[in-house]
Each structure stands twice: as structure tokens, then as C-alpha cells.
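Okay, so here's the structure we're looking at.
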Amino acid sequence: MTTLLTLVSSLLWWVLYSSIGALFFAIVAWSVLRWAERCPVVFNRTYLACLMWNLIGLLLIVGVAMHEGHAKPPYAPLLVSPLFRGALVVDMVIGVFVLWRLIPRVDARRIRPASACMAVAVVMALAFGAATSLA
């Protein structure tokens, strides 16, 4: 029973933290996409895409951190790990794909892949800058 409660609690915290992070990432991505597309994009779909990206990315990054044995601070050795850097590249590719597939413009056309790349690059630059300042 304890194992089941621990699993349910972990799943709830995973979704909660992902949704909080997705809100900040969605605000940044929405701003970048409005600028890059020169057309309004749908914010709730941007939030959904960022939520899906965060849920997948958090699993990927935590899995690599646990595999490397750096699940607790200090995280500086994790940031220089080649496996972690590869996981970040895979995370960015997933982010571009998810944003490109899920976010429409208000004229019902899909955003361009280049705009999705720009949004992911800005979000990752801000996230990596925050992560390195905390480490």
C-alpha cells in the first residue's frame, strides 16, 4: 500500500511541476511565436504543447540524472555529462515536433517548423541559463 501511495504521489507532483513549468514556457513560446509568425497564435494550444513537452522532457532528464547518479545536488557534474547533453538535444527535437504539430495560428494554419525551432531555442536558453545559475 505504501508503494502505491508513493507512486500516486509522485505522479501528482510530476504533473503539478510540469504544469507550473509549462505556464512559464508557454508565455515565452507564445511571445516568440507571435513575433516569428507575425500572426496571433492560440495560447491554450501553446500551453498544451508546452505541457506535453515538459511531461516528456522531465521524464527524459530525470531518467538520465538517475542513470548518471546525479539525482541530488550538486548538479554541476550532470551539466557536463555527454549523455545529459544528448538528452537535451533529444528534448529540443521533441519540443520542436510537439510545438509544430499542436499549435495553430488563428487563421487555422500550422506554425512553421522554423518558428517552432526559434521558440524552443529561446525557452531552452532561458531554462539552461536558470539551471546554470542555480547549480
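The values are calculated or read from the model by the stated rules, or taken from the named source; none is laboratory data. Remember, it's a predicted structure, so these values are computed and weren't measured experimentally. Please note: Cβ atoms are built from the backbone with ideal geometry, for glycine as well, and neighbour counts cover all protein chains shown. What goes into the accessible areas is simple: the full protein's heavy atoms, side chains included, and nothing from ligands, DNA or RNA. Shrake-Rupley method; radii C 1.70, N 1.55, O 1.52, S 1.80 Å.
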### Message
I need the Debye-formula profile for region 15-134: one equal scatterer per C-alpha, no solvent, reported as log10 I(q)/I(0) at q = 0.12, 0.15, 0.18, 0.20 1/Å, two decimals.
### Response
-0.43, -0.65, -0.88, -1.05
## Note on the structure
With the dipole of the chain defined by +1 on each Lys or Arg Cβ and -1 on each Asp or Glu Cβ, the option from Leu134, Thr2, Ala29 whose Cα lies farthest towards the positive pole is Ala29
### Query
Taking only DSSP H segments of four or more residues, each worth -39500 (n - 2.57), what value at 222 nm results for the chain once the sum is divided by all its residues, to the nearest 500 deg cm²/dmol?
-28000 deg cm²/dmol
#### Entry: Residue-normalised accessible area of region 15-134, given per residue in Å² at a 1.4 Å probe
57
### Task
Work out, in µm²/s and without decimals, the Stokes-Einstein translational diffusion coefficient of region 10-65 at 4 °C, 1.567 mPa s, Rh from Kirkwood over C-alpha pairs.
110
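With +1 on each Lys and Arg Cβ and -1 on each Asp and Glu Cβ, how big is the dipole of the chain about its Cα centre, in debye rounded to the nearest 20? Intermediate results must be reported in sequence, preceding the final value.
Details: 10 positive and 4 negative charges, 91 e Å.
Result for the chain is approximately 440 debye, rounded to the nearest 20.
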### Summary
Across the alpha-carbon set of region 50-107, Rg over Rh with Rh taken as the Kirkwood radius works out to 1.11
### Query
Tell me, what is the FRET efficiency for Ala71 and Phe43 to the nearest 0.05, using R0 = 41 angstrom and their Cβ-Cβ distance as r?
0.75
### Inter-label distance for Ala125 and Ser10, nm, one decimal - labels placed 7 Å from Cα along Cα-to-Cβ
3.6
### Query
Helix 113-134 sits at what angle to the longest principal axis of the chain, using alpha carbons and giving 0 to 90 degrees rounded to 10?
40
